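Let me begin by presenting the structure, written as structure tokens, before commenting on it.
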Amino acid sequence: MGYLLFILPAFILSIYAQFKVKSTFNKYSQVRSSRGQNGSDVASTILRRNGISGRVNVEPVSGSLSDHYDPTAKKVRLSEPVYGSNSIAAVGIAAHEVGHAIQHAEQYGPLELRHKIVPVTNFASSASFPILLIGFIMNSLDLVFIGIVLFSAVVLFHVVTLPVELNASRRAVVQLSESGLVSSSELPAVKKVLGAAALTYLAATLMAVANLLYYLMIFMGGDE
């Protein structure tokens, strides 16, 4: 029962966020941008406006909603439904990913921190739960504590990711507006697309925090 009290609200938000991002993307994928530029064109234009087109490339990647910026390769990778589409959804997502490239070029603090903790997070995300499980089974507080410390690194990653994503979306809106890539009447729709995506990051963060609080409650003997 204690676990449900911690997790259920975050789980419900997570389910809603997944529904919201898919439904919003599908809706605005059917709405053509008045300027007619596709995701690839928009990404390239914003990169040029910020003087980093020679350092960052744009390329398609398979899948749906698989768009991302690769800081190691310095590539903005846009999913097939975004790369060649001139929809409002495609334009917004393309601009968001370029927002990450601009963050990288400007050495935006939270993004730099996220890059630095990725190796630790990768290890912690795979090791924390097995260690916690063994600790609970063996009733070993030492193992549970180690598992909690490792899981805390995962939570930190989520917490840092949230402002990174919100900032990239804000940059996207500014770039699209100032460049004239979307009209003023289209900006609210772009914000809805990006807002729905941000909700998924918020839900993931709350889920991670809820799990951490529950593990801490068990460690301190509060789950009676």
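Just one of the listed residues (Pro81, Pro110) is part of a helix (DSSP H, G or I), farther than 20 Å from Ser177 by Cβ and at pLDDT below 95, and it is Pro81. Taking first residues from region 163-183 that are touching a residue at least 60 places away in the same chain (Cβ under 8 Å) and partners that are aliphatic (A, V, I, L, M) and outside any helix (DSSP H, G or I), the Cβ contacts under 7 Å between residues at least 6 apart in sequence or on separate chains come to Leu176/Val182. Screening Ala95, Ala124 for residues that are within 16 Å of the chain's Cα centre (by Cα), in contact (Cβ under 8 Å) with a residue 12 or more places away in the chain, assigned to a helix (DSSP H, G or I) and buried (at least 20 other Cβ atoms within 10 Å of the Cβ) leaves exactly one candidate, Ala95. Among the residues of region 127-160, the one identified as part of a helix (DSSP H, G or I), surrounded by fewer than 20 Cβ atoms within 10 Å (Cβ to Cβ) and of a type in the set (S, T, N, Q) is Ser152. From the list Ile131, Ile218, Ile117, Ile146, which residue is at pLDDT below 95, among the β-branched types (Val, Ile, Thr) and over 16 Å from His96 (Cα atoms)? Just a single option satisfies the conditions, and that option is Ile218.
The values are calculated or read from the model by the stated rules, or taken from the named source; none is laboratory data. Every value quoted in this text rests on a predicted model; they were computed, and no experiment measured them. With ideal geometry, Cβ positions are generated from the backbone for all residues, glycine too; neighbour counts draw on all protein chains shown.
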